[in-house]
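Visitor: I'd like to ask some things about the structure below.
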Amino acid sequence: MAPRPAGPEEDMKTYRVVELLGDGISPELSRAVHSVAGSLPCRFEFLPVDLSEPNRTRRGEALYDEAVALMKLHRVALKYPTATTAESPNQVLRERCNFAVIHRPVCTIPGIPTNFTKPLDIDVVRVATGGTYDDPGRRVGLDSAVSLRVIERRPSQWAARYAFQLARAHGTHVTSASKYTIQRATDGLFEEAVDQVAVDFPGIAHHRELFDALLANLILHPERYSVIVCPNEYGDFLSDAACGLIGSIGLGDSTSLSFDDAGQVETAMFDPAGGTAPDLAGKDLCNPTAALLSLANLLRHVGELEASRLLRAQLLAAISERRTTRDIGGALSCSAFTREIAERVQARLARA
């Protein structure tokens, strides 16, 4: 089924998206998203919330109250990079929105030079709570320190169910990865939760793999992997390492998910995984690829599958032809690359 051409605005479906503005290159990424969104065969009403550091300092908790209320009402948000100062906005939103799972898709993009020659195409599904990240630890005397590592069954089950649903949609399989032979209590509980969910997906192949072995095998045999589900810190390490294999940490996008009591997605927040890049801010040099991939995944989430495929295809085609920004081998500014993508999308719709 070809994407439907853009018709009169009154015939287009409108999606309300909470837009969480940030610091550094955030305004340029927002302009890129708005420009490309305007070329798509659906319409967005962006509801901006300014999470920049100056506004956080000025408004404090009331600002987060506003952001979280809007996110829970409209259930879909697009976030840009924010500076971590007195607090981490990502952590605050994760706790207040009960984000329990993070999805990081990572795939090879033709045209981007890398140190890795094999194609990679994986979905990292990470439990976003527990592990070693929820407890900063404490010193014990002068020469020792300790932290508590917690693995919970319910977030592990949510992550596993989301992973199996992805695998079913893609026609692939699931690998669960942890150190279950050593961390028998914690990682053993995680793998037990995955096994419990696997029973509900009898047609989806699933196997366990020790996390350190998976890291080596991902480099040696990337074709073996599709959807990988992990506890918190393992998923963090894996997704960043995978972005390094495809050429840039700035090419990754991320989805944070909360769930209702029935296990259905309640709120989804999409964001580019890179930072604020203050050295590039205001110079029209930043790369909006991850922000546009976030938009493509947002489209998929709300059911605009053809628009999602269209945007992703035109984005990857432009990069493969080196019609992109300087950091990944092109010569275009951020705004020129954005225009390139919008024009390609419009041209493709006109031919449909």
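Readers should treat all values here as calculations from the given coordinates under stated rules, not as data from a laboratory. Bear in mind that the values here come from a model prediction, so they are computed numbers and not experimental data. Because the Cβ atoms are built from the backbone with ideal geometry, glycine has one as well, and the counts that use them run over all protein chains shown.
Visitor: Against the longest principal axis of the chain, how steep is helix 211-220, in degrees 0 to 90 to the nearest 10, with axes from Cα atoms?
Guide: 40 degrees
Visitor: Could you work out how far the C-alpha centroid of the range 64-132 sits from that of the range 144-178, in angstrom?
Guide: First find each Cα centre; the distance between them is then 15 Å.
Visitor: Still on this structure, I have one more. Rounded to the nearest 10 degrees, what's the angle between the helix 289-301 long axis and the longest principal axis of the chain, both from Cα atoms, 0 to 90?
Guide: Around 80 degrees separate the two axes.
Visitor: What 222 nm value per residue comes from the helices of the chain, counting each DSSP H run with n ≥ 4 as -39,500 (n - 2.57) and dividing by all residues, nearest 500 deg cm²/dmol?
Guide: Details: 11 runs with 144 residues, N = 352.
Value at 222 nm, helices only, nearest 500: -13000 deg cm²/dmol.
Visitor: Can you sort C42, C243 by how many other beta carbons sit within 10 Å, fewest first?
Guide: On the way: C42 18, C243 22.
Neighbour counts put them in this order, fewest first: C42, C243.
Visitor: Could you tell me how many degrees, from 0 to 90 and to the nearest 10, lie between the Cα long axis of helix 153-170 and the main elongation axis, the longest principal axis, of the Cα atoms of the chain?
Guide: 50 degrees
Visitor: Another question, then. Where Lys and Arg each count +1 and Asp and Glu each count -1, what net charge lies around R94 among other residues with Cβ under 13 Å from its Cβ? Intermediate values should be presented prior to the final figure.
Guide: Details: positive: K79, R96, R126; negative: E87, E95, D134, D236, D271.
So the environment of R94 carries a net charge of -2.
Visitor: Give the label of the value calculated from the structure for volume of the Cα convex hull per residue in Å³, choosing from (i) 240; (ii) 160; (iii) 113.
Guide: Among (i) 240; (ii) 160; (iii) 113, the one derived from this structure is (ii).
Visitor: Please list, ordered by chain and number, the residues whose modelled amide H lies under 5 Å from the amide H of V227; skip anything fewer than 5 residues away on the same chain.
Guide: Close amide H contacts, sequence-distant or interchain: D123, H173, T175.
Visitor: Counting other beta carbons within 10 Å of each Cβ, put I341, I109 in order, fewest first.
Guide: I109, I341
Visitor: I've got another one for you. Among D121, D200, D187, which one moves the most in a GNM of the chain with springs linking Cα atoms closer than 10 Å?
Guide: Per the Cα network of the chain with a 10 Å cutoff, D200 tops the list.
Visitor: Given +1 on the Cβ of Lys and Arg, -1 on the Cβ of Asp and Glu, and no further charges, what dipole in debye does the chain carry about its Cα centre, rounded to the nearest 20? Walk me through the intermediate numbers first.
Guide: On the way: 38 positive and 44 negative charges, 135 e Å.
Dipole of the chain, to the nearest 20 debye: 640 debye.
Visitor: Between T324, T132, T267, where does the largest GNM mean-square fluctuation fall for the chain, given springs only between Cα atoms within less than 10 Å?
Guide: Answer for the Gaussian network model of the chain: T132.
Visitor: Right, here's the next one. Looking at the chain as a GNM with Cα springs under 10 Å, which of A193, A62, A163 has the largest mean-square fluctuation?
Guide: With Cα springs under 10 Å in the chain, the top fluctuation among A193, A62, A163 is at A62.
Visitor: Taking amide hydrogens as modeled 1.01 Å from N in the peptide plane, which residues meet the under 5 Å criterion relative to L332, leaving out close sequence neighbours?
Guide: Here the answer is T324, T325, R326, since their amide H atoms fall under 5 Å of that of L332.
Visitor: Next question, about the same structure. Please tell me the relative contact order of the range 10-79 in percent, rounded to the nearest whole number, where contacts are Cα pairs under 8 Å and at least six residues apart.
Guide: Numbers: 76 pairs, mean separation 34.9, N = 70.
Dividing the mean separation by the residue count of the range 10-79 yields 50 percent.
Visitor: Sticking with this one: Could you give me the ³J(HN,Hα) list for the range 82-97, computed from phi with Karplus coefficients 6.51, -1.76, 1.60 and θ = phi - 60°, whole Hz, x at Gly and Pro?
Guide: 10, 6, 8, 10, 5, 8, 9, x, 4, 5, 4, 5, 4, 6, 7, 9
Visitor: On to the next question. So what is the relative contact order of the range 248-352, in percent, for Cα pairs below 8 Å that sit 6 or more residues apart? Write down the numbers at each step before the final one.
Guide: Values: 127 pairs, mean separation 21.2, N = 105.
Relative CO of the range 248-352 lands at 20 percent.
Visitor: Sticking with this one: Once you keep just the Cα pairs under 8 angstrom separated by 6 or more residues, what percentage relative contact order results for the range 146-301?
Guide: Here the relative contact order equals 20 percent.
Visitor: Separate question: What is the order of E192, E61, E266, fewest Cβ neighbours within 10 Å to most?
Guide: Details: E192 14, E61 10, E266 18.
By the 10 Å Cβ count, ascending, the order reads E61, E192, E266.
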